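Visitor: This is the structure I want to talk about, given as structure tokens.
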Amino acid sequence: MVTTVNTSDEIEQMFQPYNFELFRDMRPFLEEYWATSFAIVLIYLLLIFVGQNYMKSRKGFNLQRPLILWSFCLAVFSIFGTLRMWGYMGTLLLRGSPKQTICFSSFINSPIIQFWSFLFVLSKVVELGDTAFIILRKRPLIFVHWYHHSTVLVYSSFGYKNKVAAGGWFMTMNFGVHAIMYTYYTLKAAKVKSPRWFPMLVTSLQILQMFIGATVGILAYIWRQEKGCHTTEEHFFWSFILYATYFVLFAKFFHQNYIIPKIKAKTKSQ
């Protein structure tokens, strides 16, 4: 444990926070009101039902410019989050060990981690706005979209409240995937032609994220008996359930959108 603390202190010296990252720690506030995430999700699901019924007999809105701005802002936010989180977690992984980033939570006291984890949890509320654009533009709203948005919000709040060390990788990977995903959404909204493999790459990274996330959860569970390892059986259970369902849903989405069309196109050409 002494080595873990020393490594964290060493990285603090190497990876200095910017002035804006020295923000007042909002953890006590979010820990106290974390259960509000359930109410937010219920309101979110209710608004989906109300919004779809409202738009049923109406023509979809043309929200191209707002959508470009929305996706661009989330892309920029995710890129900054990716650079800071991957920089910190990558350094911690190289200077320390995988166990230190998965099991021991001493690094969560870093101003960088505190700042970006706070914004990360709040961003899960903001990202619910993605659904509003789908409904108002009368685009198909698939199950994996609203299921993923709502459960990630609750899971992020739960992990933040319990200071789960493995949540550091969940946040880091999510930032990375979203940086690419919202960049693609920005280009798509602006009707800029992107490579055919771009959307396939996004879904592939989402699937990979679920696989790595499940692996991280399993390792945390294996190492849970070690002194100072901060994880619980409850966290392992819920993380594994969510990662498993995400993996199945995104794999199914990948198959339906990228594999089946190729097979059909090949069959027609023959």
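Visitor: So who's got an amide H within less than 5 Å of the one on residue 138, skipping anything under 5 residues away but keeping other chains? H placed 1.01 Å off N, in plane.
Guide: Here the answer is 61, since their amide H atoms fall under 5 Å of that of residue 138.
Visitor: What dipole magnitude, in Debye to the nearest 20, does the range 1-153 give about its Cα centre under +1 on Lys/Arg Cβ and -1 on Asp/Glu Cβ? Write out the running numbers ahead of the final one.
Guide: On the way: 13 positive and 9 negative charges, 215 e Å.
So the dipole magnitude of the range 1-153 works out to roughly 1040 debye.
Visitor: Please identify every one of the trypsin sites (Lys or Arg not before Pro) in the range 174-226 that sits in a loop by DSSP and has no more than 15 other beta carbons within 10 Å of its own beta carbon.
Guide: In loop regions of the range 174-226 (DSSP not H, G, I, E or B), the sparsely surrounded trypsin sites (Lys or Arg not before Pro) are 191, 193, 196, 224.
Visitor: Please list, by residue number, every one of the trypsin sites (Lys or Arg not before Pro) in the range 52-150 that is coil in DSSP and has at most 15 other beta-carbon atoms within 10 Å.
Guide: Details: sites: 56, 58, 59, 84, 95, 99, 124, 137, 138; in loops: 56, 58, 59, 137, 138.
Answer in residue order: 56, 58, 59, 137, 138.
Visitor: Right, another one. What dipole magnitude, in Debye to the nearest 20, does the range 2-269 give about its Cα centre under +1 on Lys/Arg Cβ and -1 on Asp/Glu Cβ? Don't skip to the end; give the middle numbers.
Guide: On the way: 26 positive and 12 negative charges, 387 e Å.
Magnitude of the dipole: close to 1860 debye.
Visitor: Determine, from the Cβ-Cβ distance of residue 192 and residue 226 and an R0 of 41 Å, the FRET efficiency 1/(1 + (r/R0)^6), rounded to the nearest 0.05. Mind dumping the intermediate values first?
Guide: Details: r = 50 Å, r/R0 = 1.21.
Between residue 192 and residue 226 the formula returns 0.25.
Visitor: Run the numbers on the chain and let me know its relative contact order in percent, using alpha-carbon pairs under 8 Å that are six or more apart. Show your work: numbers first, answer last.
Guide: Working: 265 pairs, mean separation 72.4, N = 270.
So the answer I get is 27 percent.
Visitor: Using all Cα-Cα distances in the range 157-260, what percent lands in each 10 angstrom bin from 0 up to the longest?
Guide: All Cα pairs considered, the percentages come to 14, 39, 28, 15, 4, 0.
Visitor: Suppose the chain between residue 46 and residue 241 were pulled fully straight at 0.36 nm per residue; how much longer would it get relative to their current alpha carbon spacing? Don't jump to the answer; show the numbers that get you there.
Guide: On the way: separation 195, 0.36 × 195 = 70.20 nm, distance 2.42 nm.
Contour length minus Cα-Cα distance gives 67.8 nm.
Visitor: Could you work out the helix-only [θ] at 222 nm for the chain, with each DSSP H run of four or more residues adding -39,500 (n - 2.57) and the total divided by the number of residues, to the nearest 500 deg cm²/dmol? Numbers along the way, then the final one.
Guide: Working: 12 runs with 200 residues, N = 270.
Rounded to the nearest 500, the figure is -24500 deg cm²/dmol.
Visitor: For helix 36-55, report the angle its Cα long axis makes with the longest principal axis of the Cα atoms of the chain; keep it between 0 and 90° and round to the nearest 10°.
Guide: 10
Visitor: Also, I was wondering about something else. Using only Cα atoms, find the angle between the long axis of helix 167-189 and the longest principal axis of the chain, and express it within 0 to 90 degrees, rounded to the nearest 10.
Guide: 30
Visitor: Further question: Write down the Kirkwood hydrodynamic radius of the chain, to one decimal in angstroms, obtained as one divided by the mean of 1/r over all alpha carbon pairs. Can you show the working numbers first?
Guide: Details: mean 1/r = 0.0498 Å⁻¹.
Over the chain, the inverse of the mean reciprocal pair distance is 20.1 Å.
Visitor: Per residue, what volume in Å³ does the convex hull of the Cα atoms of the range 27-156 enclose?
Guide: On the way: hull volume 15.9 nm³, N = 130.
Hull volume over Cα atoms, normalised by residue count, gives 123 Å³.
Visitor: Can you give me the convex hull volume of the Cα atoms of the range 146-211, divided per residue and expressed in Å³?
Guide: Per-residue hull volume (Cα only) is 89 Å³.
Visitor: Another question about this same structure. So how tilted is helix 197-222 from the main axis of the chain? Cα-based, degrees 0 to 90, rounded to 10.
Guide: 30
Visitor: Exposure proxy check: 108, 259 ranked by fewest other beta carbons within 10 Å? All intermediate terms of the calculation are to be shown ahead of the outcome.
Guide: On the way: 108 18, 259 11.
Lowest to highest Cβ neighbour count: 259, 108.
Where a number appears in this text, it was derived from the coordinates with a stated rule and is not lab data. Note that the structure is predicted; figures quoted are calculated from it, not measured. Heads up, the Cβs are rebuilt from the backbone with ideal geometry, glycines too, and the neighbour counts pull from every protein chain shown.
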